[in-house]
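Peer 1: Could you have a look at this structure, given as structure tokens, before my questions?
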Ligand SMILES: [Zn+2]
């Protein structure tokens, strides 16, 4: 591992943060924190922290010795001085005299001595930073160091490499006990350049930001060098099927098995989003004959347990063409996972006095021999984090096994981290959105109604895939929504394109729960004189397009086995034909019937089918020019034309999107048509 320290960048940081009022020390502290945080081999997703001891004024101008320490949950790669709250050092150090500090006391400590009461909460590892005398203290969960510490003889192994340059702290859960144990070792060995925390990570110290940082890179380099020596071959492969099914086919089966029916609301499911990783190192790991031993041995560093649970779900290899058998195996494996997680909870809840609230019984990492691994989470972002941590574990465990045998903390220690009270409180504060964990695919998403629907569904917590025949339109609309919104090129008049698009959605998110079949276009002409080719073209898009999309979605929904929701943009034309609109209205009338057929045929599987009949919405079908000519022909203003309905209100794409959202949320409604047209008695259904 190379030091990436650059004097020019460091000077730059001093200048930039200096103009915002940060001292040189704090600016350099922020600079080297970012260096550490931007290297995934050192720090991932909020793991690791750094600190600086300095002097600062409080709100009335009195000077104090303070500890500026990384804010809890802050990303080191993007930190700035405001992310390093200052805490008065003297009272923190006084705490060391106490024999113990319970969780409530520990939490109070996080905020009690802040210089600025509005600052973010400091890291839970602040006491260890406070008790260490060094001015600059850096802490990471460096992969290479973990591969050495996560061994039965981690202490001897690291001593061979580091001698007495680093103190060794036996495993303690992060918090007061760990901070005291570390401080005792620093009293006994005041000359050490840092500390190794067994089964957890490494600290390095320095008089300057550069010294602490470069000690970190040096120590990690020494660990990396040791991992290159006397390696043995690892992970002899288990026998695998000749042909393994693709992730797009496997993911919906996994996702369905790793969903839980909500007890309070019939028809509701707690669902997760998936993120696939299939690189070579991952595949070698999951293919190993002994995968159950090393993958179930526990987390590589304690804070991963919050994101990954103590162990992954391991399923058999999915043989192509034999997926029904695979589906049953996965369901049985997920059931065993749930049982063993519930046992783990019950056992440890009793041990710790009871009263904790059990998390869900669903895995956060799934290992699939022959294929790779999946991270799971309530959102795509969470699924990615789980997958990143799982991949990180793959590398650390591979190296650990190559030089010895991987060994983690036990169940009890993992439970104490997973169910640490501050984590439980954070969880209780999370307010989930109504479509959290769900995946919605919207066709015609490049247009006004499709884009508005994608936006509304994403705002309601769904992961959204924007399907459109126009690649640029899909991409631009997706970019405007979020980083995880997925643009997919899809021509609904082409069966292969539709199938490919839904495979893409399943691969990206794990499946699909809601489809808004919205793509359409209008053709006009008097029905007695229309060219049959035009009528057929309209049927291809305005009827068969919906059928292809619904069929592709149902295939995935049945694989998941957790129901689903098919929503169709029909049109008032389906019930109230307009003059010369036959080529448009006829296929839409057939689509209205299609909605009812899906409702009838798939109700037993929990798949609902509903439609929105909208009228007179500004969109690609009803352009500004068209509105101008129509209103002129009728001798009314454009405004009057757009408000020509019973309520006298213009109907917007947003109104249609809201109607789709309601239908997605109405778990007891199927075969329904909602009219969004401002009121038109001739188009009323009954
Ligand atoms: Zn740590």
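The values are calculated or read from the model by the stated rules, or taken from the named source; none is laboratory data. Note that the structure is predicted; figures quoted are calculated from it, not measured. Cβ sites come from the backbone with ideal geometry, for glycine too, and all protein chains shown count toward neighbours.
Peer 1: Does residue 160 qualify as being out of contact with any strand residue (DSSP E or B) (no Cβ under 7 Å at 6 or more places or on another chain), over 30 Å from residue 360 (Cα atoms) and not in a loop (DSSP other than H, G, I, E, B)?
Peer 2: For residue 160, the condition - out of contact with any strand residue (DSSP E or B) (no Cβ under 7 Å at 6 or more places or on another chain), over 30 Å from residue 360 (Cα atoms) and not in a loop (DSSP other than H, G, I, E, B) - is met.
Peer 1: Being within 22 Å of residue 250 (Cβ to Cβ), surrounded by 20 or more Cβ atoms within 10 Å (Cβ to Cβ) and within 16 Å of the ligand (Cβ to nearest atom) narrows it down to one residue among 301, 308; which is it?
Peer 2: 308
Peer 1: Given the structure, is residue 168 in contact with a helix residue (DSSP H, G or I) (Cβ under 6 Å, 6 or more places away or on another chain), more than 30 Å from residue 397 (Cα to Cα) and buried (at least 18 other Cβ atoms within 10 Å of the Cβ)?
Peer 2: no
Peer 1: Filter the range 178-198 down to the residues that are within 15 Å of the ligand (Cβ to nearest atom) and under 27 Å from residue 392 (Cα atoms), then identify the one that is surrounded by the fewest Cβ atoms within 10 Å (Cβ to Cβ).
Peer 2: By that ranking, first place goes to 198.
Peer 1: Name every residue in the range 622-644 that is touching a helix residue (DSSP H, G or I) at 6+ places or on another chain (Cβ under 9 Å) and under 20 Å from residue 519 (Cβ atoms), in order of residue number.
Peer 2: 622
Peer 1: Still on this structure, I have one more. Please go through the range 17-40 and pick out each residue that is within 15 Å of residue 203 (Cα to Cα) and within 16 Å of the ligand (Cβ to nearest atom).
Peer 2: 33, 36, 37
Peer 1: Additional query: For the range 111-146: of the residues being in a helix (DSSP H, G or I) and away from the ligand (no atom under 16 Å from the Cβ), which is nearest to residue 41 (Cα to Cα)?
Peer 2: 111
Peer 1: Further, regarding this structure: Could you please find all residues in the range 212-252 being in a loop (DSSP other than H, G, I, E, B) and under 30 Å from residue 557 (Cβ atoms)?
Peer 2: Within the range 212-252, 240, 241, 242, 243, 245, 246 meet the criteria.
Peer 1: Kindly evaluate residue 215 against the criterion of being out of contact with any helix residue (DSSP H, G or I) (no Cβ under 6 Å at 6 or more places or on another chain), modelled with pLDDT of 95 or more and surrounded by 18 or more Cβ atoms within 10 Å (Cβ to Cβ).
Peer 2: yes
Peer 1: Of these, 410, 437, which one is at pLDDT 90 or above, surrounded by 22 or more Cβ atoms within 10 Å (Cβ to Cβ) and out of contact with any helix residue (DSSP H, G or I) (no Cβ under 8 Å at 6 or more places or on another chain)?
Peer 2: 437
Peer 1: Then there's this: Which number in (1) touching a strand residue (DSSP E or B) at 6+ places or on another chain (Cβ under 6 Å); (2) farther than 22 Å from residue 376 by Cβ; (3) not in a loop (DSSP other than H, G, I, E, B) marks the one condition that residue 458 misses?
Peer 2: All conditions pass for residue 458, except number (2).
Peer 1: Among 333, 281, which is part of a helix (DSSP H, G or I), farther than 25 Å from residue 41 by Cα and more than 16 Å from the ligand (Cβ to nearest atom)?
Peer 2: When all the criteria are applied, what remains is 333.
Peer 1: Now, a different point. For the range 289-301: of the residues being in contact with a strand residue (DSSP E or B) (Cβ under 9 Å, 6 or more places away or on another chain) and in contact (Cβ under 8 Å) with a residue 60 or more places away in the chain, which is nearest to residue 316 (Cα to Cα)?
Peer 2: Taking the candidates together, the pick is 291.
Peer 1: Go through the range 199-211 and count every residue that is under 37 Å from the mean Cα position of the chain (by Cα), away from the ligand (no atom under 12 Å from the Cβ) and assigned to a loop (DSSP other than H, G, I, E, B).
Peer 2: Of the residues in the range 199-211, 1 are under 37 Å from the mean Cα position of the chain (by Cα), away from the ligand (no atom under 12 Å from the Cβ) and assigned to a loop (DSSP other than H, G, I, E, B).
Peer 1: Would you mind finding the one in 53, 94 that is under 18 Å from residue 31 (Cβ atoms) and either away from the ligand (no atom under 16 Å from the Cβ) or in a loop (DSSP other than H, G, I, E, B) (or both)?
Peer 2: After ruling out the rest, the residue left standing is 53.
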